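Below is one structure, written out as structure tokens, with a few remarks after it.
The values are calculated or read from the model by the stated rules, or taken from the named source; none is laboratory data. Quantities reported herein were computed from a predicted structural model and do not represent experimental measurements. For neighbour counting, all protein chains shown are included, and Cβ atoms are generated from backbone atoms with ideal geometry for every residue, glycine included.
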Amino acid sequence: MSRIVTVGAAQLGPIAQTETRHQVVTRLLSLMQRAKRHGCDLVVFPELALTTFFPRWYFEKQEEIDSFFERSMPGRETQPLFDLARALGMGFYLGYAELVVEGGRTRRFNTSILVNKSGEIISKYRKIHLPGHAEHEPWRRFQHLEKRYFEVGNLSWPVVRAPLNEGSAGLYGMAICNDRRWPETYRVMGLQGVEMVLLGYNTPVHNPPAPEHDALSNFHNELVMQSGAYQNGTWVVGVAKAGCEEGVDQIGNSIIVAPSGEIVAACSTLGDEVAIARCDLDLCNSYKNTTFNFARHREPEHYRMIVERKGAVLPK
Ligand code: ING
């Protein structure tokens, strides 16, 4: 029996700063219902899907910053997502700002979770590649203060075996936004045999340090996910928070990419929309067992020698 998972890329349009968690969760529930009507097993929401993309602003007061974070997941306002997942028999990926006390201190992460068809959290990931800057930079049209508001993730990129698809379970991994631009993200999961990478993003069209890239925003978005998918023989699902959010234009371009690197589904608006694809996880093997058979063709010792000779810093 083929292992098919029907996936809904549940793109969100802008979330205003004034929107309450209840209003946003209502939008998410509606997208889940729409996805279920099209037979989805799994829905993928964007990064920081419960609030506006607040790292665009410089806040002095910690209590203002913390208003964008979740202290528990599920919490009172997000519990309906878990209840609906269970009622519909449909899993979901959700990005959110996580505030947690660990090791006796308060920690803040840009986090995603994977929830199964029974409404249970089966995996958690904390964003490792935090773009932007840590101090207020008034020269920018808008800020990108993820380095100020979040710690670097401490969970690596876990890959879990989950029964989200038909047939025997598949191998699912997660990433968040800027992670998708770095080949290591996909390779760390590729070395674990990942068959589907789920990720959400908030990507402004304008990148203040490199405005000459602005016109290529969608091209780069597709390029990195298509190459990550092909070079690791995995499906990749990338989902945007799109549109003009608090005066900042963010790309849409949510896509579902096959292990071949082909885009098989895409959103075409900048609003709340679900793009759907039936993804055959066994298609991964057509690449993992041939062109990207790591055991037969990859030479990590060779890479290590070259990298060390040039004095590059090796990942720990
Ligand atoms: N956003 C952007 C992203 O990586 C960015 C930051 C935009 C980096 C444009 C480079 C170019 O898609 C987040 N949230 O990481």
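Observations on the structure shown:
- Selected residue (only one of 202, 207, 218, 232 is crowded, with 19+ Cβ neighbours inside 10 Å and either within 30 Å of residue 141 (Cβ to Cβ) or at pLDDT below 95 (or both)): 202
- Some residue of the range 269-281 being within 16 Å of the ligand (Cβ to nearest atom) and surrounded by 12 or more Cβ atoms within 10 Å (Cβ to Cβ): yes
- Residue within the range 242-258 that is surrounded by 20 or more Cβ atoms within 10 Å (Cβ to Cβ), assigned to a loop (DSSP other than H, G, I, E, B), touching a Gly at 6+ places or on another chain (Cβ under 9 Å) and among the hydroxyl-bearing types (Ser, Thr, Tyr) present: yes
- Residues in the range 196-251 that are touching a residue at least 40 places away in the same chain (Cβ under 8 Å) and of a type in the set (D, E, K, R) were compared, and the one that is farthest from residue 297 (Cα to Cα) is 246.
- Scan the range 60-99 for residues that are within 21 Å of residue 140 (Cβ to Cβ) and without any contact (Cβ under 8 Å) to a residue 12 or more places away in the chain and the total you get is 3.
- Subset tally (residues that are within 14 Å of the ligand (Cβ to nearest atom) and within 17 Å of residue 204 (Cα to Cα)) for the range 138-151: 8
- For the range 42-57, the set of residues classified as within 21 Å of residue 121 (Cα to Cα) and buried (at least 24 other Cβ atoms within 10 Å of the Cβ) consists of 42, 43, 44, 45, 46, 47, 48, 49, 50, listed by residue number.
- Residue count for the range 66-117, restricted to those that are farther than 23 Å from residue 241 by Cα and either among the β-branched types (Val, Ile, Thr) or buried (at least 17 other Cβ atoms within 10 Å of the Cβ) (or both): 5
- Considering the range 131-168, the residues that are closer than 30 Å to residue 278 by Cα and touching a residue at least 60 places away in the same chain (Cβ under 8 Å) include one that is surrounded by the fewest Cβ atoms within 10 Å (Cβ to Cβ), namely 168.
- Selection status of residue 229, outside any loop (DSSP other than H, G, I, E, B), within 23 Å of residue 271 (Cβ to Cβ) and among the hydrophobic types (A, V, I, L, M, F, W, C): no
- Number of positions in the range 181-202 that are near the ligand (Cβ under 8 Å from one of its atoms) and either touching a His at 6+ places or on another chain (Cβ under 9 Å) or over 19 Å from residue 53 (Cα atoms) (or both): 1
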